[in-house]
Amino acid sequence: MEYAIELRHITKTFGSVVANHDVSLSVRKGEILSLLGENGSGKTTLMNMIAGIYYPDAGEILVEGKPVEIRGPKDAYACGIGMVHQHFKLIDVFTAAENIALVLDRREKYDLKAVKDKARAICERYRFDIDLDQKVYEMSVSQKQTLEIIKMLYHGAQLLILDEPTAVLTPQETEKLFAVMRNMKADGKSIIIITHKLHEVLAISDRVAILRKGEYAGTVETCAATEAMLTEMMVGKKVELNIERPEPVNPHLRLSVHNLSVTNAEGVKVLDRVTFEAFSGEILGIAGISGNGQKELLEAIAGLQAADKDSSVVYYPDDDRDSTAEQLIGKTPRDIRDLGVHLSFVPEDRLGMGLVGSMSMVDNMMLKSYNEGRSILTDRSAPRHLAEEIKEELGVVTPSIHTPVSRLSGGNVQKVLVGREIAAVPSVLMTAYAVRGLDIHTSYTIYRLLNEQKKKGVAILYVGEDLDVLIDLCDKILVLCGGRCNGLLDARSTTKEEVGLLMTQIKEQQEGGVA
């Protein structure tokens, strides 16, 4: 059996934290290997050692049967290894070809025409659909990802590592990516894909390697695997993978959004006359390709983003449409809170807007309640108790609740943020990508917590990227495309294909702002 890469007894520690312990796994030539594991299981750390970002404390790496030392990304490139990260490493104002030229060796002559010719040959070989003269800022997420893959192949990559490659893709874009991956596999390339979407693992990979708590739990042939089996191997116990969707009980109007528009600092209208209603005891899913107004929609409702003239967001505090209603547009987040409007907001940028990275879990819990005290001394007992509850309930992997949250993995940071916001007992809960970067076990815990809030009469706005989850979890789905409402669907009767189509093709707006 020929192996593209072999890891033997790899160990990596960060202080007292053991990220990987005695991990041995291999990737065959011309295969697609999925890497699975819970948050904090060491997947990214392991891949970063292959990509030259970290260096192992113990163990060895063999490429095509020969021991190698990978002490930096250049060493990885020399070994034919390329990694496409979740957050793309592209220069927005450069064209696709200019970005590809950035990977040229210093000894190579800069010849943009030659770069285009070689890149065009790669595109034809693997059937990539991309305009090499297009600026990056004009590209969709799918096109940017394609460009990153072309960059790695231009560099001569024989082993490609893809970190959550389908996180923000539509079903149609995901199928295109999978077709490209199959073409690369047929050409003898090896691919490692890190993903939490088990149905995609079963659809695209040849084998699945699983890490549990930093250790190697085994590799299975995909043809013999099931979602339940893989989850049990990841977690170490049986996990129920059914998303509950209780029927709404006595839903009442909670939010009425009418003609909500937002224009950004560059004068571009990023939200255009969005109109919808959110009801208590319901989960309203918001679907759309990343960057189509989801962020601005939630921020405008929460008072974090200025809305255009004639925009309206009315909050109904009681279960009576004729009761005192509050107009939220024009009010600051503090004004909204002082009115007794309870909006919990889980933003996309968890460390930029949601949490303070240099502070501990306890201190981040305190941020929600510090101004409620009556003493000049802060009461740390309640935040400490809440931090312990969230750590236990969501399985936050951290040395201590007093450890700065910036030292935690991305998935564990997300657990802290979502747990804190749900614990605030809101009447309207808005979440942007609440399970992004979370393992399957924790994701289902979050779905359960959201349903508990739904049963308590909370109106939930759930911005998600996994269409399977949106259809299984939500009562209705609002589709955004180009900053407009492109459709309002019954989640119980719609399909992934219908939602995906509305995400990519703008329809003419009809009465009420919905096609």
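The values are calculated or read from the model by the stated rules, or taken from the named source; none is laboratory data. Keep in mind it's a predicted model, so treat the numbers as computed, not measured. Note that we place each Cβ from the backbone using ideal geometry, even for glycine, and neighbour counts take in every protein chain shown.
Contact map, the stretch 426-447: residues that are assigned by TED's automatic domain parsing to the domain that holds Asn292 and part of a loop (DSSP other than H, G, I, E, B) paired with residues that are buried (at least 21 other Cβ atoms within 10 Å of the Cβ) and among the acidic types (Asp, Glu), Cβ distance under 6 Å, separation 6+ or inter-chain. Pairs shown: Asp439/Glu38.
Give Leu461, Leu449 a once-over and let me know the one that is over 12 Å from Met503 (Cα atoms) and either surrounded by 24 or more Cβ atoms within 10 Å (Cβ to Cβ) or at pLDDT 90 or above (or both). I'd like the intermediate steps shown before the answer.
Numbers: Leu449 fails: either surrounded by 24 or more Cβ atoms within 10 Å (Cβ to Cβ) or at pLDDT 90 or above (or both).
Just one listed residue meets the conditions, Leu461.
Only a single item in (1) closer than 30 Å to Cys481 by Cβ; (2) outside any helix (DSSP H, G or I) is not met by Asn451, and it is number (2). For the residues Val458, Val397, Val413, Val425, the requirement of being of a type in the set (Val, Ile, Thr) and under 16 Å from the mean Cα position of the chain (by Cα) singles out Val413.
I'm checking my understanding of the structure. Among residues of the stretch 130-172 that are of a type in the set (Asp, Glu) and over 24 Å from the mean Cα position of the chain (by Cα), which one is nearest to His196 (Cα to Cα)? Here the answer is Asp131. Restricted to the stretch 82-132, and to residues that are over 28 Å from Ala186 (Cα atoms) and among the hydroxyl-bearing types (Ser, Thr, Tyr), which residue is surrounded by the most Cβ atoms within 10 Å (Cβ to Cβ)? Looking at residues that are over 28 Å from Ala186 (Cα atoms) and among the hydroxyl-bearing types (Ser, Thr, Tyr), I get Thr95. Considering only residues that are within 16 Å of Gly37 (Cβ to Cβ) and not in a loop (DSSP other than H, G, I, E, B), which ones fall in the stretch 395-425? Once the filter is applied, which keeps residues that are within 16 Å of Gly37 (Cβ to Cβ) and not in a loop (DSSP other than H, G, I, E, B), the stretch 395-425 yields Gly410, Gly411, Asn412, Gln414, Lys415. If the condition is being part of a helix (DSSP H, G or I) and closer than 22 Å to Ile301 by Cα, then the stretch 454-479 contributes Lys454, Leu470.
Of all the criteria given as (1) modelled with pLDDT under 90; (2) within 23 Å of the chain's Cα centre (by Cα); (3) in a strand (DSSP E or B), the one not satisfied by Gln86 is (3). The set of residues from the stretch 255-277 being assigned to a strand (DSSP E or B) and polar (S, T, N, Q) comprises Ser256, Asn259, Ser261, Thr263, Thr275. Applying the set (1) crowded, with 16+ Cβ neighbours inside 10 Å; (2) closer than 19 Å to Ala217 by Cα to Asp22 leaves exactly one unmet item: (1). Checked against (1) buried (at least 16 other Cβ atoms within 10 Å of the Cβ); (2) not assigned by TED's automatic domain parsing to the domain that holds Ile191, Pro246 passes all but a single condition, namely (1). So for the stretch 221-238 (the condition being within 21 Å of the chain's Cα centre (by Cα) and of a type in the set (Lys, Arg)), does at least one residue qualify? Looking through the stretch 221-238, none of the residues is within 21 Å of the chain's Cα centre (by Cα) and of a type in the set (Lys, Arg).
Entry remark, the stretch 241-256: residues being touching a residue at least 24 places away in the same chain (Cβ under 8 Å) and under 26 Å from the mean Cα position of the chain (by Cα) number 5 in total.
Each residue in the stretch 182-219 was checked for being hydrophobic (A, V, I, L, M, F, W, C) and surrounded by fewer than 17 Cβ atoms within 10 Å (Cβ to Cβ), and 3 pass.
Among the listed residues Glu138, Glu108, Glu69, identify the single one that is over 30 Å from Gly288 (Cβ atoms) and either modelled with pLDDT under 90 or in contact with a His (Cβ under 6 Å, 6 or more places away or on another chain) (or both). So that I can check it myself, show each step before the final result.
Numbers: Glu138 fails: over 30 Å from Gly288 (Cβ atoms); Glu69 fails: either modelled with pLDDT under 90 or in contact with a His (Cβ under 6 Å, 6 or more places away or on another chain) (or both).
Within the list Glu138, Glu108, Glu69, the selection yields Glu108.
If you go through the stretch 480-493 and keep only what is surrounded by fewer than 21 Cβ atoms within 10 Å (Cβ to Cβ) and assigned to a loop (DSSP other than H, G, I, E, B), you end up with Gly482, Ala491, Arg492, Ser493.
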